[in-house]
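Chemist: Okay, here's the structure, questions in a sec.
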Amino acid sequence: MIQNPESQWFGEQPVTPEEKTSKVHGVFEGVARNYDIMNDLMSGGVHRLWKDSFVRRIRPRPGLKYLDVAGGTGDIAFRIRRKAGDGAHITLCDLTYNMLEVGRDRAINKGWLNGFDWVTGNAESLPFPDNSFDVYTISFGLRNVTHIDNALMEARRVLKPGGRFFCLEFSHVRMPLLAKAYDAYSYNVIPKIGEIVAKDRESYQYLVESIRKFPSQRALVKRMEAAGFEWAEYSNLTGGIACIHSGVRL
């Protein structure tokens with residue numbers, strides 16, 4: 001079995017690992033300014049409910065250090081801030097500067113000038129020391145990582161002993177009728193929305209295809225365990241369209 005098989009695919013297009021990282025960077029450089037409105041349009045706003053559920057699972061509280069990888073425009077970080085208050089310190093790390101720039105602007109518009117660090121970096125080689133954070137989150141970002149196993153090991157490395165890992169990601173639908181309808185919507189509607197609203201059909205075609213290349217719920221649990229996480233588990237949202245994975249670094 002090929003380790004990190006996702007490294008050889010950009011959606012349905014075969015690529016080298018280096019090409020994939022470059023192409024993913026290009027996608028999010030291009031979509032940054034339309035990213036949030038596209039999420040609302042593509043999901044009918046349901047992504048907001050998924051993110052609310054995700055942050056409730058984290059149970060944010062003050063006094064902890066949070067790392068939000070692929071944190072981009074700040075949706076998860078801002079939810080953590082609202083729950084934990086001013087006592088939380090949140091670092092957002094994203095491969096793409098343009099995404100972080102949008103997030104910084106949003107934070108300023110909310111009047112949040114302190115309590116956030118904005119860092120450009122790759123999930124596979126995080127620019128942070130060992131044992132730095134209490135909570136690691138990644139939301140709709142892991143499927144874009146070239147080598148998922150490397151990112152999981154990096155997540156464990158930067159977490160303190162007892163630190164918690166949380167991943168929210170599109171996953172594999174478990175209900176046949178829903179899966180059929182979801183596939184029809186994904187392949188026929190989402191790229192068209194991208195073409196009309198963001199003037200970028202290709203990036204949203206990649207989005208649809210990348211979801212199908214992502215590991216199944218159980219497969220990702222096994223890869224988390226192989227990376228050293230204990231108590232790895234998952235919880236489906238909307239029949240498996242999205243899924244929360246969690247684990248603990250002991």
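Chemist: Rounded to the nearest whole Å³, what is the per residue volume of the convex hull around the Cα atoms of segment 93-250?
Modeler: 126 Å³
Chemist: Another question about this same structure. When a/c is below 1.5 the answer is rounded, else prolate if a/b is larger than b/c, else oblate, so apply that to segment 1-154 with a ≥ b ≥ c taken from the square roots of the Cα gyration tensor eigenvalues. Can you show the working numbers first?
Modeler: Numbers: a/c = 1.76, a/b = 1.39, b/c = 1.26.
Verdict is prolate for segment 1-154.
Chemist: In the chain, what % of DSSP beta bridges are antiparallel (nearest 5)?
Modeler: Looking only at bridges with both residues in the chain, the antiparallel portion is about 45 percent.
Chemist: Check which residues have an amide H placed less than 5 Å from Ser132's amide H, if you skip close sequence neighbours.
Modeler: Sorted by chain and number, the residues that satisfy this are Leu159, Lys160.
Chemist: Taking 8 Å as the Cα distance limit and 6 or more residues as the minimum spacing, I'd like the relative contact order of segment 5-249 as a percentage. Please list the in-between numbers first.
Modeler: Numbers: 437 pairs, mean separation 49.1, N = 245.
Computed value for segment 5-249: 20 percent relative contact order.
Chemist: Just going by the charge dipole of the chain, with Lys and Arg at +1 and Asp and Glu at -1 on Cβ, which of Phe116, Gly45, Gly87 is farthest out on the positive end?
Modeler: Gly87
Chemist: Sorted by packing (mean other beta-carbon atoms within 10 Å per residue), highest first, where do 146-155, 113-122 land?
Modeler: Result, highest mean first: 146-155, 113-122.
Chemist: Follow-up. Mind listing which GluC sites (Glu not before Pro) in segment 163-250 are in a DSSP loop and have 10 or fewer other Cβ atoms within 10 Å? Walk me through the numbers before you get to the answer.
Modeler: Numbers: sites: Glu169, Glu195, Glu202, Glu209, Glu225, Glu230, Glu233; in loops: none.
Taking segment 163-250 and a limit of 10 other Cβ atoms within 10 Å, no loop GluC sites (Glu not before Pro) are found.
Chemist: Next question, about the same structure. In what order do Thr96, Thr16, Thr238 fall by count of nearby beta-carbon atoms within 10 Å, going from fewest to most?
Modeler: Arranged by neighbour count, lowest to highest, Thr96, Thr16, Thr238 become Thr16, Thr238, Thr96.
Chemist: Moving to a separate point now. Roughly how many Å is it from the Cα centre of segment 65-91 to that of segment 181-250, as a whole number?
Modeler: Cα centroid of segment 65-91 versus Cα centroid of segment 181-250: 21 Å apart.
Chemist: With +1 on each Lys and Arg Cβ and -1 on each Asp and Glu Cβ, and nothing else charged, work out how big the dipole of the chain is about its Cα centre, in Debye to the nearest 20.
Modeler: 900 debye
Chemist: Oh, and also: Springs between alpha-carbon pairs under 10 angstrom, Gaussian network model over the chain: which of Met42, Met99, Met224 fluctuates most?
Modeler: Met42
Chemist: Under unit Cβ charges (Lys, Arg +1; Asp, Glu -1), what dipole magnitude, rounded to 20 debye, does segment 56-182 have relative to its Cα centre?
Modeler: Here the size comes out at about 740 debye.
Chemist: In a shell of Cβ-Cβ distance under 12 Å around Phe170, excluding Phe170 itself, what net charge do Lys and Arg (+1) and Asp and Glu (-1) give?
Modeler: Within the 12 Å Cβ shell, the charges total +1.
Just so you know, all these numbers are worked out from the coordinates, no wet-lab data involved. None of the values given here were measured: they were computed from a predicted structure. Using ideal geometry, Cβ is built from the backbone for each residue, glycine included, and neighbour counts are taken over all protein chains shown.
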